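Below: one structure, written as structure tokens.
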Amino acid sequence: MELSKNYIPAAAEDKWYQYWMDKQYFRSVPDSRPPFTIVIPPPNVTGVLHMGHTLNETVQDILTRHARMSGYNACWVPGSDHASIATETKVVNMLKEEKGIEKSQLTRQEFLKYAYEWKEKYGGIIYHQIKKLGCSVDWDRVTFTMDQHYYDAVIKVFVDLYGKGLIYRGARMINWDPKAKTALSDEEVEYKEISGKLYHVKYAVVNAAGEPTGEYITIATQRPETIMGDTAICVNPDDERYAHLKGHFAIVPLVNRKVPVIFDEYVDKEFGTGALKVTPAHDINDYNLGLKHNLEVVDTLNDDGTLSAAAEVFVGEDRFRARKKVVAALQEQGLLVKEQEYTTRLGYSQRNPDTVVEPKISTQWFVKMSELAKPALDAVVNGEVRIHPGDRFLATYKYWMENVKDWCISRQLWWGQQIPAWYDAQGQFVVAETLEQALDKYEAAYGSRPASLKQDEDCLDTWFSSWLWPTEVFKGISNPGNEDINYYYPTSVLVTGQDIIFFWVARMIMAGQEYHNEKPFSDVYFTGMVRDKLGRKMSKSLGNSPDLLDLIDRFGADAVRFGIMIASPAGNDLLFDDSSCEQGRFFNNKMWNALKLVKMWTPAENTGAPVPEFAVEWFGNRLNEVHAEVEKLFREFRLSEALKALYSLIWDDFCSWYLEWIKPGFEQPIDKGVYEKTIGYFEQLMQLLHPFMPFVTEDIYHLLRDRAEGDDLVIKQFSAPGSINAGLLEEATLAKDVITAIRDARNKQQLKPKDNIKLFVETQDRKAFERIETILAKQLNAEEYGYATEAIPGAAAIVVGTDKFYMVTEKEVDPAAQKDQLLKDLAYQQGFLSSVEKKLQNEKFVANAKPEAVESERRKLADCQARIQAIEESLKLL
């Protein structure tokens, strides 16, 4: 068939993905092979794949394809998360905008009907994108966190943990999202540094009888809208300025509430005025002070962030509008001393990034984390679960697990697993999986069987379902001991973002240890944050995150995969822009043009031309060398480095050097043995590259020669890397260095590539050149090639390493230009020598570096000194 001028991704991608699906190459069932199991971090059902997802799914596909081609039964489970807050917010907005309906007008079942309709409409978008990216997931195993078996598993775990005393219900200070009107866990609050104001406000002091003393205490607050909830003023007991106020009270501005002046070491007497307003309902530290000093709690905020009736003034006003009105009222009453610019950290809702989180006392459900955390901490610290890169994240993981707080798991939402707690009219409750079980438990607990019980209105935190992901995708909770869970669990590797190490990774390890007494995965590979070329995190709000499908349309899926992987070392942030995808497209076309070149050649038994045996043998060794390196990099999860090694092998060694060295003369046949070796090399290159760029490699593999049924790259098994002849590799490096140097010299002498030259080398190691003589003569168009024992008059002298080359041409050589070049080369070598000497003179380096690293530097020193000597000798001759 006639090949197109350039590689056309779209045609190949649609064809090959459907072909792989038809052949069921991605489908996995338990068999005698060792399993390689990976579960996709379930993206939100409402979303689309952003560049962070693209990186994550690409890494997973690379690992999965490599495992499948390495003899493993690869099982990559896809799925999506119901995402309680995010999805409910979208459904609520849709109902309001499209149907004019408020959530409050619907029953729970009516709302859930709309939510499932939303999920069906938008839930497939991500799966379509995953296919377009080329992900080799087992589509027969798609799991959704609200599937019936999954729902049942979450409820079962809740009941079990409650029975073990690890879940409890109580009134605690929690984080509240006023927009979503729900509680959040500590991890769902993102802190941002912002510029705000400190308002200095005067509180009148009165004695125990309520009589004014004529004195004021000034406090500084960032949140004047909470003043109406103040129930004390606190000062340090060692602060002499306020010692006389013991037994006194202060009058809260605007509401004229008399509150005590209390004393506690918590207050920093050096900060601000040394006096602190205490608002137990709206600050966790104030809440703790309130518990300690038995203070009244006055909650001045409604669930939607407006001022409640308890505020007494500005009731119903939004908290931030109320702030302005409170400040104005304080100013009018002469109680505002001053305003001061102030930089502070403010918590925002992760799911509603524009919404400031409110600390709020609320009755919620909590998981006791300390008992669950210990086995999960031990699993990582002991190396049972390996983190990559461990040097960066192990300390972070350890710190969080050693200081873990109880987890607030209840959410005031309807989209999610409904909490299985059942209440009577008096508020007494039991916890059970079903109503029937609840009635039985209630009767056993309270002595009578009620006519009915009402289920808790709240649902569970989304993360309380996703922490069961590695086990419940195989029904390990809902159907324990089944064939799949016994074969596929624990999974092999988890690929995820560093930002959910506590939300998800730590909790999955906890759940795995609790319910299987075993880790959920052996390795955790943390991808970095994808940023734009200005270093900003990619986000919809900034408009700097490209559309994945648009990128694929423009560059092709392989080029996009290449673009995001080539600059993404594990755990480190990467700067992404379209130019890296452009580089991937160029790479596709480079390989395509190599295919076209090879397919143009005609193999023959006896061509009459010298057989380039050295080139063939060299590339086989180079291929083995990189194959071994790539396997090592896979074991170390250094996938970006593996791709770079393959890119250089294919672009430089194969296309730029090898194909040039073996290329037959114009319209001349190529030796059949060399041709067959070259096709075999090309196939191996495509096999090594396939996990990274599956479409173009499968396409080229099938175009290289006719294939038998089932001879497909996607399942072609890797063979072990062959042996390596290091001496041969050094000879090839020498050949490349000489060719590059002589070509550069030809250019400087303004010689055309077709102009013949005579080339002679003066060397102490003639044997090193014997096998590359033919290649040098052919590649440099040298009509005569030989050896010299001294300088050749009138020839251009070129120093390569410690060897001197004399290039004889018909053109007269300019000694001044030649001297200038040699002086430049000498200056460069002297600079390099100086840097190596400094390193070796550094006692810390010599003492602490690995012995092989020190020896490497010493070899560099000796080689550099020899090169300098050769250049100086050439200069003397000039």
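Read-outs: derived from the displayed coordinates by stated rules, not from any lab. Being a predicted model, the structure only gives us computed values, none of them experimental. FYI the Cβ positions are ideal-geometry reconstructions off the backbone, even for glycines, and counts take in every protein chain you see.
Comparing 832, 775, 802 along the charge dipole axis of the range 750-877, the residue lying farthest to the positive side is 832, per the Cβ-charge model. A Förster distance of 35 Å, applied to the separation of the beta-carbon atoms of residue 575 and residue 766, puts the FRET efficiency at 0.10. Packing, taken as the mean count of other beta carbons within 10 Å per residue, orders the peptides 499-506, 446-453 from highest to lowest as 499-506, 446-453. Its Cα centre serving as origin, the range 686-742 has a Cβ charge dipole (Lys and Arg +1, Asp and Glu -1) of approximately 80 debye.
Summarised in one figure, the compactness ratio Rg/Rh of the range 750-877, Cα atoms and Kirkwood Rh, is 1.07.
Remark: the residue 679-residue 708 segment gains 8.8 nm on full extension, using 0.36 nm per residue and subtracting the alpha carbon distance. Taking every DSSP bridge with both residues inside the range 726-878, close to 65 percent are antiparallel. For the range 466-494, the residues whose amide N sits under 13 Å from a probe point set 7 Å from the Cα of residue 29 along the beta carbon direction are 484. Placing dummy labels 7 Å off each Cα toward the beta-carbon, the span from residue 98 to residue 440 is 4.3 nm. Let me know the Kirkwood hydrodynamic radius for the range 548-724, please, with Cα pairs as the basis and the value in Å to one decimal. Across the range 548-724, the inverse of the average 1/r is 17.2 Å. For Cα Rg over 2.2 N^0.38 Å, computed directly from the structure shown, the correct entry in (i) 1.25; (ii) 1.16; (iii) 1.05 is (i).
Considering only DSSP beta bridges whose two residues both sit in the range 234-335, what percent are antiparallel, to the nearest 5? If we restrict to bridges inside the range 234-335, about 80 percent are antiparallel. Among 484-494, 682-692, the peptide with the highest mean count of other Cβ atoms within 10 Å heads the list, and the full ranking is 682-692, 484-494. On the beta carbon distance between residue 285 and residue 536, with R0 = 30 Å, the FRET formula returns roughly 0.35. Adding -39500 (n - 2.57) for every DSSP H run of four residues or longer, then dividing by how many residues the chain holds, sets the calculated 222 nm ellipticity at -13500 deg cm²/dmol. Using a cutoff of 8 angstrom between alpha carbon atoms and counting only pairs six or more residues apart, the relative contact order for the chain works out to 12 percent.
Note on residue 304/residue 343: beta-carbon distance plugged into 1/(1 + (r/R0)^6) with R0 of 25 Å gives a FRET efficiency of 0.30.
Here the peptides 436-443, 338-345 are ranked by packing, the mean other Cβ count within 10 Å, and the order with the highest first is 436-443, 338-345. Length gained on full extension, residue 748 to residue 10: 261.3 nm, using 0.36 nm per residue less the C-alpha separation. Length gained on full extension, residue 192 to residue 122, computed as 0.36 nm times the residue gap minus the Cα-Cα distance: 22.1 nm.
Here the 3J(HN,Hα) profile of the range 178-194, calculated from phi with Karplus coefficients 6.51, -1.76 and 1.60 at θ = phi - 60°, is x, 7, 7, 6, 8, 6, 10, 7, 4, 6, 8, 10, 10, 9, 10, 8, 10 Hz, Gly and Pro shown as x. Think of each Lys and Arg Cβ as +1 and each Asp and Glu Cβ as -1; about the Cα centre, that makes the dipole of the chain roughly 880 debye. For the chain, the share of DSSP beta bridges that are antiparallel, to the nearest 5, is 70%.
Three principal axis extents describe the C-alpha atoms of the range 182-359; from largest down they are 48, 32, 31 Å.
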